[in-house]
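Structure, as structure tokens:
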Amino acid sequence: MILLQAVDISKSFAAEPILSGINLQIQTGERIGLVGVNGAGKSTLLKIITGQLLPDSGDIRKGKDVVLGYLAQDSGLESDKTIWEEMIATFASLRAMEAELRVLEAKMGEVLPAKDYEQLLAQYSALSDRFKEKGGYQYEANIRSILHGLRFYEEDYQTFISSLSGGQKTRLALCKLLLSTPDILVLDEPTNYLDIETLTWLERYLHNYNGAVLVVSHDRYFLDALVNLIYEIERTQCKRFVGNYSRYLDLKAEDIERQLAMFEKQQAEINRIEDFIARNIARASTTKRAQSRRKMLDKIDRVHRPITSDKRVSFSFDIERVSGNEVLKIKDLSVGYPEKTLSSGLTFQLDRGERVALLGPNGIGKSTLLKTVVGELAPLDGSITLGSNVSIGYYDQEQKELTGDKTVLMELWDDYSLMPEKDIRTVLGNFLFSGDDVLKKVSTLSGGEKARVSLAKLMLQNSNFLILDEPTNHLDIYSKEVLENALEDYPGTILFVSHDRYFLNKMATRVIELNPHGAVSYLGNYEYFLEKKTELEELGKTPSPAQDQADEKERRTSDKENFLQDKEQQKKERQRLRKIEEIEKKIEDMETEIATLEELLCAPETFEDPLKAHELNQQLEDKKQHLESLMEEWELLQE
């Protein structure tokens, strides 16, 4: 059943179109992901669908009894009540029914005439059935279940909401929305402030949710696990793809290839007609035919070049010098603050070339450990030793290193004053800051823009040891993919914290899980870590930090070589495939140029100009030779 339709929705801000002719449909049980680059208009469309904004044109058509529930991005719950009072207030109508049942029960205990008693009993039975049907006997259990799933426990229930952090208030807003069970759940970045365990719980809950779900998320793992439809907003337009996020990528690639073939075929025809017009418009004998072709050309419904690479971030990381083999050694380390220890007994080592992910529940001290390693915080106990020639590049998720009253240009130039301005502008251009964008004050930038400035500064450091705290926060999906490619080809060592499971799985060569009493190391990526944890749980074993420290050297010596060899092989394979793509594009361009030259050689005016014919022929021979060498290189890479 169709629950909601967005029909020809258009919206502009300051005369700049954000959405144009958007059509979207939500049916019962659908799980829909809304994707697009930052600024594409995803949140704007959600606000129009939920009535927060009015469209400039178009309609939102919704069933009469359809209820929408909306969680805006980073919208926290504001209340002067306790957690339990606020959650139970969601069921005010059920509690009123429950109170009425208690009143009827009390009356039934009184001595009444038989007729009155039967009437009272019928009233009680009908109300009791309605109460049961609406979930009256399980709403408290539902509250406890959802609060527990989103990491609020019984000891938290009497906490006043006003005393909570922004992230906790956002999670509570999500709790209250889930408890209200609307027909359509509309969620804008619901995975913000959720750790991996909570994300996994939310995926399972939404998968089994009775209503429909429309979600904006940059979490690709979440989208793959949850959605069965993707709507993509690109250049103000909207397109529908059936499947999860990975399927959408495949379908989009096929769609672009098909559109490109149509575009090139039409362009060849247009070029042929334009050439005919140019050659014949001035001749008295053929001018009418040329004018006829011009009219025909004006009537052609032009196919636009498909968006193969919209304006995207482009960068890579390199190192100035190679570090020693041992990059970081941590022994019996305790981290936290004087008044509170978050983790203790941490012992592990990082070797050159490793990409190590730190995992653990929120509040365990992952970011605190990174700050301790870079020297922002002092260790409470134990030691941190850096290897020889190690230079650290640190990405702070809070971006404290940025200066709000500086312009984007000066933010980089002050740190790299010997670089010419044009080189600084080139770097910023690769991070999508062009023209007057570089003169914006840092304080006015969005979260995504600040993240790109921080990454630009990090790239220029050429450090051989990158320490990254939530590097994918605020980045759109496409920027995340560019960051992953840059880090995969990075020749140094990486220690990072991330809640992005897709990023974790792609980047990590080892996972270190923190707990209050130590750290357990798992050689492999995120999926291997999950498999190993499940395997140990099934065997009834608990990973021991002490045993892990004793076994770590032996395990890493036996497994690491093969694992890193596999990773190196994968890296080389990616580089080979990218090179093939590059060459195929050059071959395609060269073949187009050759076809153009051959067409020019066949033109009547070329026959009348031997000098021009000779010049074109020479160019054609050069292009063919170049094409031949490209084909040879392509064949070698295919072997």
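For this structure, a couple of remarks:
- Taking label points 7 Å from Cα along the Cα-to-Cβ direction, Val322 and Tyr528 give a separation of 2.3 nm.
- log₁₀ of I(q)/I(0) at q = 0.25, 0.29 Å⁻¹ - segment 31-101, Debye sum with one point per alpha carbon: -1.21, -1.34
- Excluding same-chain neighbours fewer than eight residues apart, the lysines reachable from Lys64 by a Cα-Cα span under 28 Å are Lys11, Lys42, Lys47, Lys132, Lys134, Lys176, Lys239.
- Annotation: lysines with alpha-carbon distance below 17 angstrom to Lys624 (same-chain offsets under eight excluded): Lys585, Lys586.
- Listed pairs Lys506/Lys579; Lys371/Lys457; Lys329/Lys400; Lys441/Lys571; Lys331/Lys450 exceeding 30 Å between Cα atoms: Lys441/Lys571; Lys331/Lys450
- Across segment 240-253, coupling constants 3J(HN,Hα) worked out from phi with the 6.51/-1.76/1.60 Karplus curve, θ = phi - 60°, read 9, 10, 8, x, 7, 5, 5, 5, 4, 4, 5, 5, 5, 4 Hz, and Gly and Pro carry x.
- Taking chymotrypsin sites (Phe, Trp or Tyr not before Pro) across segment 356-451, the ones in a DSSP loop with at most 16 further Cβ atoms lying within 10 angstrom of their Cβ are Tyr416.
- Relative intensity of the chain on a log10 scale, I(q)/I(0) at q = 0.05, 0.06, 0.12 Å⁻¹, equals -0.34, -0.47, -1.43, per a Debye sum over C-alpha point scatterers of equal strength in the absence of solvent.
- Here segment 358-428 is treated with +1 on each Lys and Arg Cβ and -1 on each Asp and Glu Cβ, and its dipole about the Cα centre works out to around 200 debye.
- Bridging of Lys295 to lysines at a Cα separation below 24 Å is possible for Lys265, once same-chain residues fewer than 8 apart are set aside.
- 20 Å reach of a label modelled at His304, 7 Å along Cα-to-Cβ, counting backbone N of segment 3-23: 7-23
- The chain: calculated mean residue ellipticity at 222 nm from DSSP helix runs of at least 4, using -39500 (n - 2.57): -16000 deg cm²/dmol
- Fraction of alpha-carbon pairs over 14 Å apart in segment 343-416 - percent: 72
- Net charge of neighbours whose Cβ lies under 10 Å from the Cβ of Asp183, counting Lys and Arg as +1 and Asp and Glu as -1: 0
- Computed over segment 81-159, the ratio Rg/Rh where both radii use C-alpha atoms and Rh is Kirkwood: 1.15
- Most positive-pole-ward Cα, Ala486, Leu630, Val227, against dipole of the chain from beta carbon charges: Val227
- Annotation: peptides 208-218, 91-101, ranked by per-residue average of other Cβ atoms within 10 Å with the highest first, follow the order 208-218, 91-101.
- HN-Hα J in Hz across segment 392-397 - Karplus 6.51, -1.76, 1.60, θ = phi - 60°, x for Gly and Pro: 9, x, 10, 10, 9, 4
- Whole-number percent relative contact order across the chain, with pairs defined as alpha carbons under 8 Å at least 6 apart: 12
We did not get these values from a lab; they are worked out from the coordinates using the rules stated. Just so it is clear, the model here is predicted, and its values are computed rather than measured. Positions of Cβ are generated from backbone atoms using ideal geometry, with glycine treated the same way; all protein chains shown enter the neighbour counts.
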